[in-house]
Amino acid sequence: MRPKITLAVLSAALLAVAAPAWAQSVKGTVTKVDPATGKVTLDHAAIPKLDMDAMTMAYPVKDPAMLKDLKAGDKVDFDVAEAGGAYTVTKIQKAK
């Protein structure tokens, strides 16, 4: 029984480590912030890992609190991940 538990724990650890690999850090510009819907519209560069061309697109954010200090025109670095066919901003910060 012990080998099965070890295999299950190792499998779960591998999945936990592999999941962030889908996230892709990108540079962009905020064009709109909509706290009511928990979305931010970003004009961004291409995202090769997600096979996405440069575009302007509204994204839901993982945590609406991330929108608090953002405004249209802000240059940002953000991470976007795809899960279940939907893209979500998982991290966003003003560019330095």
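Only the coordinates and a few stated rules stand behind these numbers; no lab work does. Remember, it's a predicted structure, so these values are computed and weren't measured experimentally. Positions of Cβ are backbone-derived with ideal geometry, glycine not excepted, and every protein chain shown enters the neighbour counts.
Here are the numbers:
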| quantity | calculated |
| --- | --- |
| Count - residues of region 51-96 that are surrounded by 14 or more Cβ atoms within 10 Å (Cβ to Cβ), closer than 14 Å to SER25 by Cβ and basic (Lys, Arg) | 1 |
| Matching strands (runs of 3 or more DSSP E) fully within region 40-96 where at least 1 residues are in contact with a helix residue (DSSP H, G or I) (Cβ under 6 Å, 6 or more places away or on another chain) | 75-83, 86-94 |
| Enumeration of residues in region 34-50 that are among the β-branched types (Val, Ile, Thr) and buried (at least 18 other Cβ atoms within 10 Å of the Cβ) | VAL40, ILE47 |
| Search result, residues across region 35-50 that are basic (Lys, Arg) and closer than 11 Å to SER25 by Cα | LYS49 |
